[in-house]
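The structure appears right after this line, and notes come after that.
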Amino acid sequence: MDLDLRKVGYFVTVAELLHFGRAAERLHIAQPVLSRQIRALEKDLDAELFVRDGHGVTLTAAGRQLLDDARTLLASADATRRRVHRAARGPRRLVVGFRAGVVVTHALRAFGAAHPDVEVKARRVEWDDQEQLILDGTVDLAYVRRPIREQGLTLLPLFTEERVAMLPADHRLAGKQELALADLDGETWLRYSDPRPEDLPIRTIEEKFECVAAGTGITLVPQSVAEQYSRPDITYVPVPDAQPDQVFLAWEAGRRSPLIAAFAEVAQARG
């Protein structure tokens, strides 16, 4: 059976909105056409994907399973197109993502020396897009930190590092040599994910600086961030009993690229 990705894309839109009319509007197609495409997909899969009744549209068990898989499938297809187009425009290229604090210079230089015919680029990724940029082909692989949405990814553990408290320079604990987590009981912590509707998510290290310096809250960051980023209104204090931060090299699980394998070998050797 050949799975029509266009139909799968239609299915995802309906599944997200649970409304054929609104889905048709978003897709800029007529609702009857959309309904026929979904029925054709159900026939292709020999499974009912939606329950349609007077109360609206809901996903069946098969529909929920397809939705779980479909986003990764579509992202993989988009990534393949992106890589093919990139290859058609010029020389071979490897794009390596990295989180703030992770130094990739040595690995990039070592890889470039061994593969002088490959153009190597680095791009910073953030906690909320690190997986998506790999899956959609924007980067070929990336140095990522937990938490990680692992679906569709291969993860290679590289190293761990201690975490430190990022505090305003005038904080009551700013002068300490080190802290325990218990010392931070009662502090207000910055919110990263699942913000309240009126909040904007904190994405970058620069945004963390602004929030901490303004007294909005405190946070824990990897030791490497403390070593590379400094401001006079920010101070760092080690927290030895905090769970260490772990760095992984991640790439799309379905890819069998010699360049990715070669870079992974270099990255692992350099820790």
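Residues of the range 23-42 that are within 30 Å of the chain's Cα centre (by Cα) and of a type in the set (K, R): R26 alone. If you check P91 against the conditions, is it surrounded by fewer than 12 Cβ atoms within 10 Å (Cβ to Cβ) and modelled with pLDDT of 90 or more? Considered against the rule, which asks whether it is surrounded by fewer than 12 Cβ atoms within 10 Å (Cβ to Cβ) and modelled with pLDDT of 90 or more, P91 comes out as no.
Take the conditions in a strand (DSSP E or B) and within 22 Å of L133 (Cα to Cα) and apply them to V96. Does it pass? When the stated conditions are applied, V96 passes them. Among residues of the range 26-43 that are more than 12 Å from T13 (Cα to Cα), those with a Cβ under 6 angstrom from a residue that is surrounded by 16 or more Cβ atoms within 10 Å (Cβ to Cβ) and of a type in the set (G, A, S), sequence gap 6+ or separate chain, pair up as Q31/A24. A single member of L73, L3, L45 is within 28 Å of the chain's Cα centre (by Cα) and either modelled with pLDDT of 90 or more or closer than 30 Å to V120 by Cα (or both), and it is L73. Does A107 satisfy the criteria of being surrounded by 24 or more Cβ atoms within 10 Å (Cβ to Cβ), more than 21 Å from A75 (Cβ to Cβ) and modelled with pLDDT of 90 or more? For A107, the condition - surrounded by 24 or more Cβ atoms within 10 Å (Cβ to Cβ), more than 21 Å from A75 (Cβ to Cβ) and modelled with pLDDT of 90 or more - is met. Of the residues examined, E252 is not one that is surrounded by 13 or more Cβ atoms within 10 Å (Cβ to Cβ), of a type in the set (D, E) and more than 30 Å from A114 (Cα to Cα). Of all residues in the range 180-195, those satisfying the criterion of being surrounded by 13 or more Cβ atoms within 10 Å (Cβ to Cβ) and either assigned to a loop (DSSP other than H, G, I, E, B) or at pLDDT below 95 (or both) are E187, L190, R191, Y192. If you check every pair at least six apart or on different chains, which have Cβ atoms under 8 Å apart with a residue in the range 255-266 that is closer than 20 Å to P157 by Cβ first and a residue that is small (G, A, S) second? That search, which allows pairs on different chains as well, returns A262/A114; F263/A107; V266/A107; V266/A110; V266/A114.
The values are calculated or read from the model by the stated rules, or taken from the named source; none is laboratory data. Please read these numbers as outputs of a predicted model, since none were measured by experiment. Positions of Cβ are backbone-derived with ideal geometry, glycine not excepted, and every protein chain shown enters the neighbour counts.
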